[in-house]
1. Treat the count of other C-beta atoms within 10 Å as a stand-in for reagent exposure and order 233, 191 from fewest to most.
2. What nm value, rounded to one decimal, do you get for the distance between residue 9 and residue 188 when each label is placed 7 Å out toward the C-beta?
3. For segment 8-62, what is the convex hull (Cα atoms) projected area averaged across all directions, in square nanometres?
4. Name the shape class, rounded, prolate or oblate, that the alpha-carbon gyration tensor gives for segment 159-284, where a ≥ b ≥ c are the square roots of its eigenvalues, rounded holds for a/c under 1.5, and otherwise prolate holds if a/b is larger than b/c and oblate otherwise.
5. Taking the Cβ-Cβ separation of residue 84 and residue 214 as r and a Förster radius of 22 Å, what is the calculated FRET efficiency to the nearest 0.05?
6. Give the relative contact order (percent, whole number) for segment 18-60; include only Cα pairs under 8 Å separated by 6+ residues.
7. Determine, from the Cβ-Cβ distance of residue 284 and residue 101 and an R0 of 25 Å, the FRET efficiency 1/(1 + (r/R0)^6), rounded to the nearest 0.05.
8. Place a point 7 Å from Cα of residue 39 in the direction of its Cβ. Which residues in segment 1-31 have their backbone N less than 17 Å from it?
């Protein structure tokens, strides 16, 4: 009973009406009168607080004021960060695939055998087969015959080999001054060409990009495979404009001249031509 009486008294107090009067201190004239109840004051204060909170949250959520709050960033900046994160992830995957591709090519040229591709993995539930990987007598004889011919030695291309590309019209990759010519004795298998800054490097013939990578020695390097087993190599670039697998036309820009890599002393292009596995002198086919 006592608790019910206390509750009733509290409710009656909240419902009691009070008059708030503002009077002139000298004339005692009433200027403003307001009738209030404690419950009405509580409801009014709560409503104002809720409305003010909604306004503040709306301003922070839908206006640029949130950028001034620590921990919040611009939506455009966040989108760019997400794009850069995705690009870096795809770039890392591409680099790993290219490294695996180059390792496989190196293994094939050395005569090694590596079963690390997805196509050579056995299916689930199958038992491994003990295959004999030793070469046959005919394969050994063929290998010795090829090695004796020294087909892949880094030497001058013979006149017989050169006749296959003598009718080609080579597009000059970049116009400039030659600072180092082709020299087999000095193991310099190309020409160094100095040109103006930001000069585009152009493909010498139609072909497909088979290598577009970066190394500490040669910097940004791009290699194009042409017809008749001809390969052109462009080293020390600042930017690569094409990626692996792109098809390019003769005269089409594929890179920008630069000074990347440890084996360079200034902005220039190191240009090489390889025909049937042999390095040839580019100055015999084009004027720089």
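1. Details: 233 18, 191 23.
Neighbour counts put them in this order, fewest first: 233, 191.
2. Inter-label distance under the simple model: 10.8 nm.
3. The Cα convex hull of segment 8-62, projected and averaged over all directions, gives 6.2 nm².
4. Cα axes put segment 159-284 in the oblate bin.
5. Numbers: r = 18 Å, r/R0 = 0.82.
Here the calculated transfer efficiency is 0.75.
6. Working: 27 pairs, mean separation 11.9, N = 43.
Worked out over segment 18-60, it gives 28 percent.
7. 0.20
8. Counting backbone N atoms under 17 Å from the label point, the list is 4-19.
Every read-out reported here was derived from the displayed coordinates using simple, explicitly stated rules and does not represent laboratory data. As the structure is a computational prediction, the values presented were derived from the model and not from experiment. Neighbour counts run over all protein chains shown; Cβ positions are idealised from the backbone, glycine included.
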